[in-house]
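The values are calculated or read from the model by the stated rules, or taken from the named source; none is laboratory data. Note that the structure is a prediction, hence the values are computed from the model and not measured. Here the Cβ positions follow ideal geometry from the backbone for every residue, glycine too, while neighbour counts run over all protein chains shown. For the accessible areas, the whole protein counts, side chains as well, though only heavy atoms, and no ligand, DNA or RNA atoms are used. Shrake-Rupley method; radii C 1.70, N 1.55, O 1.52, S 1.80 Å.
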Amino acid sequence: MTVSDLAHVPEALAHAPEALAHAPDGSVTFDGADLTRLAADHGTPTWVVSASQLRHNYRSLLAALSARLPRPVIAYSMKANNNRAVIQTMGGLGAALDCSSEHELALAVSAGIPAGKVIINGNGKSRAYLTAAVRMGVWQINVDSLAEVDRIRSIARHYGVSVPCAVRLKLSYAQLLECDPSYERTLRVAEGKFGSSTQSGEAEAVVRAVLSAEELEFVGLTHHAGFPGIRADYSAERQLMHQTLCAREIVEFARLLRRELGFTVPRINLGGGLRSGRSVYLSTPGNGDDGEFRALPSPEEYAEAIADGVAELDWEPIVQFETGGFQVANAVLLLARVQDVKDVTRPGERRYVTVDCAMTMFTGRGLARVGFPVIAVGRRPDAPAHPVPVELVGPTCAYDSIAEDIMLPDLAEGDLVALLNHGAYCEVLSTQFNAFPRPAVVYLDRGRVTVARRRETLADVWERESAALDLWPGTPGTA
Ligand SMILES: Cc1ncc(COP(=O)(O)O)c(C=O)c1O
């Protein structure tokens, strides 16, 4: 392979988020802050969040949905990125909040999100989680199973309250799978354990159980199609088709409930799986050959696909969304510094550029095909590429390839790179592998810089150790 086969860096710039600017002299700003200055002041590696991009993403989606749907509500799925600053930004914009554990619920409350704006998600929810949700009076619990109905009932009875419940559906996906068999991987790997089947009669049984429980209020149906770029063969057209067909199946089930139970479903929750930005960079870890940018739908296209899906309803429910990736994916970058450059000739010519961040700081890369476009900070946008393919790697002893076979200008120790689209499912999946402390998070808002999360120290890494060194006589450091 030669660099002429590769097309990464110039495309990375073409697909960069609105908040990023790469000037002809090579300087790069994100939300008005110069990245070279930011690295000097705050060190690397550092996650850099743009508040302006978060606002842009939320408002563009809400505007597109509002143009097509009567009463859309966007809940931010905090699983994608749980920085308090991000949660507060989303809350300040008016978003509701989607939680997936008692721990996320506690974080949401500590960020000042009112319980009345919280949606509770998850399978096999712990009693502690359900109890906290019931006591706080959340907006809605998405019920996963019949057994959970009983659990919520007993907690509600104990506290003498009524609990709003939506029922999570597992659809047939018959038409969807016919059009896109690759979606099977998403269903089997990611969605299998969730919800109650509309096909087997379980879903209707759960709805009936909620309707007949005096402690519970049936408020709607919920489903999450997921982002198919992670496992399926992604194209914007296919994803839009998934959204339309899933919405249609939910609507069909809502109409069946009206016919059979005489009940009009007030809320339809279509989950998340949407992504912001012009494109997603997909590449299979370990395979440098298949990396490519695939166009993403615009907010208007998402809205149109969903509106097509719910068009059959002859009443106007609240249409809810639980979006994580759409809000944050392109609103965060990871700023890292080159610490080594190594040229090899075997088995083929290749340049390894080791940076000071590691794939283990964003393990989502190892689990998914979603990759991160790379920009060389301080290099002119038209700087010539190094003549052989570059692999950007982390310094851990793991398979730690951050970006394979990409085109980058000549880089040297000390140079800066920005990994784009680092907002969704990166920091939340980070580890301390090889005892690397996790990066800081810096929050930008039109040039104003705030440290949202301090950098971890080595003391944080060993903070929970309880075994005293003198358990082993002769251990260095003992008397
Ligand atoms: C039930 C549910 N809702 C919403 C989301 C958020 O998905 P995304 O970040 O792709 O929008 C997820 C993600 O796993 C989910 O499982």
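If you average the alpha carbon positions of the stretch 83-113 and of the stretch 122-187, how far apart do those two centres end up, in angstrom?
Result: 19 Å between the Cα centres.
Do you know the relative contact order of the stretch 51-328, to the nearest whole percent, from alpha carbon pairs under 8 angstrom that are 6+ apart?
In percent, rounded to a whole number, it is 22.
Under a plain spin-label model, where a point goes 7 Å from the Cα along Cα-to-Cβ, how far apart in nm are residue 345 and residue 88?
5.7 nm
If each Cα of the stretch 15-147 is one equal point scatterer, what is log10 of I(q)/I(0) from the Debye formula at q = 0.11, 0.14, 0.16 Å⁻¹?
-0.52, -0.76, -0.89
Please work out the Cα center distance from the stretch 220-260 to the stretch 420-440, rounded to the nearest Å.
Distance between centres, Cα-based: 31 Å.
What are the ³J(HN,Hα) values, in whole Hz, obtained from phi via the Karplus relation 6.51 cos²θ - 1.76 cosθ + 1.60 with θ = phi - 60°, for each residue of the stretch 178-188 in sequence order, with x given for Gly and Pro?
Each residue of the stretch 178-188 in turn: 5, 7, 9, x, 5, 5, 3, 5, 5, 5, 6 Hz.
For the stretch 263-377, what does the relative contact order come out to in percent, with C-alpha contacts under 8 Å and a separation of six or more?
Averaging sequence separation for qualifying contacts and normalising by length gives 32 percent for the stretch 263-377.
Is the stretch 354-456 rounded, prolate or oblate when judged by the Cα gyration tensor, a ≥ b ≥ c being the square roots of its eigenvalues, rounded requiring a/c under 1.5 and prolate requiring a/b larger than b/c?
Oblate is the answer for the stretch 354-456, as a/c is 1.5 or above yet b/c matches or exceeds a/b.
If exposed means no more than 15 neighbouring beta carbons inside 10 Å and the site is in a DSSP loop, what's the longest run of the chain without any exposed GluC sites (Glu not before Pro)?
Maximal segment without exposed cleavage sites: 1-213.
Once every Cα of the chain carries one equal point scatterer and solvent is ignored, give the base-10 log of I(q)/I(0) from the Debye formula at q = 0.09, 0.13, 0.14 Å⁻¹, two decimals.
For the requested q values the scattering log ratios are -0.65, -1.20, -1.33.
Quick check: net charge around residue 443, other residues with Cβ under 15 Å of its Cβ, Lys/Arg +1 and Asp/Glu -1?
Once all neighbours under 15 Å are counted, the net charge is +3.
For the pair residue 199 and residue 431, what calculated FRET efficiency results from E = 1/(1 + (r/R0)^6), where r is the Cβ-Cβ distance and R0 = 25 Å, to the nearest 0.05?
Efficiency for this residue pair is about 0.05.
When Lys and Arg each count +1 and Asp and Glu each count -1, what net charge do the other residues less than 15 Å away from residue 320, Cβ to Cβ, add up to?
Value of the local net charge: +2.
Using just the helices of the chain, give the 222 nm mean residue ellipticity in deg cm²/dmol: DSSP H runs with n ≥ 4 each add -39,500 (n - 2.57), and the total is spread over all residues, rounded to 500.
Value at 222 nm, helices only, nearest 500: -9000 deg cm²/dmol.
Could you give the C-alpha radius of gyration of the stretch 325-408 expressed as a fraction of 2.2 N^0.38 Å, taking N as the number of residues it contains?
Ratio of Rg to 2.2 N^0.38 Å for the stretch 325-408: 1.14.
In terms of Cα to Cα distance under 27 Å, which lysines are near enough to residue 117, apart from those fewer than 8 places away along the same chain?
79, 125, 170, 193
Expressed in nm to one decimal, what extension gain is obtained for the pair residue 34 and residue 382 from 0.36 nm per residue of sequence separation less their Cα-Cα distance?
Answer, rounded to one decimal: 123.4 nm.
Any number yet on Rg/Rh for the stretch 51-328, C-alpha, Kirkwood?
Radius of gyration over Kirkwood radius for the stretch 51-328 works out to 0.95.
With the crude spin-label approximation of a point 7 Å out along Cα→Cβ, what separation in nm comes out for residue 264 versus residue 450?
4.3 nm
Which one of 132, 235, 63 has its Cα pushed farthest toward the positive end of the charge dipole of the stretch 51-328, where Lys and Arg give +1 and Asp and Glu give -1 at the Cβ?
Positive-end residue among those listed: 132.
What value in Å³ per residue do you get for the convex hull of the alpha-carbon atoms in the stretch 97-239?
Dividing the Cα hull volume of the stretch 97-239 by its residue count gives 114 Å³.
Given H placed 1.01 Å from N in the peptide plane, which residues other than close sequence neighbours of residue 296 have an amide H under 5 Å from its amide H?
279, 280
Mind grabbing the accessible area of residue 162 for me, 1.4 Å probe, Å², rounded to tens?
80 Å²
Just subtract the alpha-carbon distance of residue 287 and residue 147 from 0.36 nm times their residue separation and send over the number in nm, one decimal.
Contour length minus Cα-Cα distance gives 46.0 nm.
Using Cα pairs under 8 angstrom and six or more residues apart, how large is the relative contact order of the chain, in percent?
Here the relative contact order equals 21 percent.
List the chymotrypsin sites (Phe, Trp or Tyr not before Pro) within the stretch 347-450 that DSSP assigns to loop and that have no more than 12 neighbouring Cβ atoms inside 10 Å.
399
In debye to the nearest 20, how big a dipole does the chain give about its Cα centre with +1 on each Lys and Arg Cβ and -1 on each Asp and Glu Cβ?
Charge dipole, the chain, about its Cα centre: 1220 debye, nearest 20.
Taking only the C-alpha atoms, wrap a convex hull around the stretch 126-208 and report its volume per residue in Å³ as a whole number.
Dividing the Cα hull volume of the stretch 126-208 by its residue count gives 100 Å³.
Just how large is the dipole of the stretch 311-451 about the Cα centre, in debye to the nearest 20, putting +1 at every Lys and Arg Cβ and -1 at every Asp and Glu Cβ?
In total the dipole reaches around 500 debye.
How much accessible area per residue does the chain have, counting only protein heavy atoms and a probe of 1.4 Å, in square angstrom?
Solvent-accessible surface per residue comes out at 41 Å².
Starting from 0.36 nm per residue, how many nanometres of slack lie between residue 399 and residue 461 once their C-alpha separation is accounted for?
Difference between extended and current length: 20.2 nm.
Which percent, to the nearest 5, of DSSP beta bridges fully inside the stretch 351-443 are antiparallel?
65 percent
When the accessible area of the chain is computed with all protein chains present and a 1.4 Å probe, what percentage of it is carbon and sulfur?
Solvent-exposed carbon and sulfur of the chain make up 51 percent of the total.
Can you sort 315, 47 by 1.4 Å-probe accessible area, starting with the largest?
Listed by decreasing accessible area, they come as 315, 47.
Long-range amide H contacts for residue 222: which residues qualify at under 5 Å (H placed 1.01 Å from N, peptide plane, sequence gap of 5 or more or a different chain)?
The list, which skips near neighbours in sequence, is 167, 168, 169, 269.
Sketch the reach of a paramagnetic label on residue 315 as a point 7 Å from Cα along Cα-to-Cβ, and name the residues of the stretch 244-267 whose backbone nitrogen lies under 14 Å away.
Within reach of a label on residue 315, which here means backbone N under 14 Å from a point 7 Å along Cα→Cβ, the stretch 244-267 contributes 251-267.
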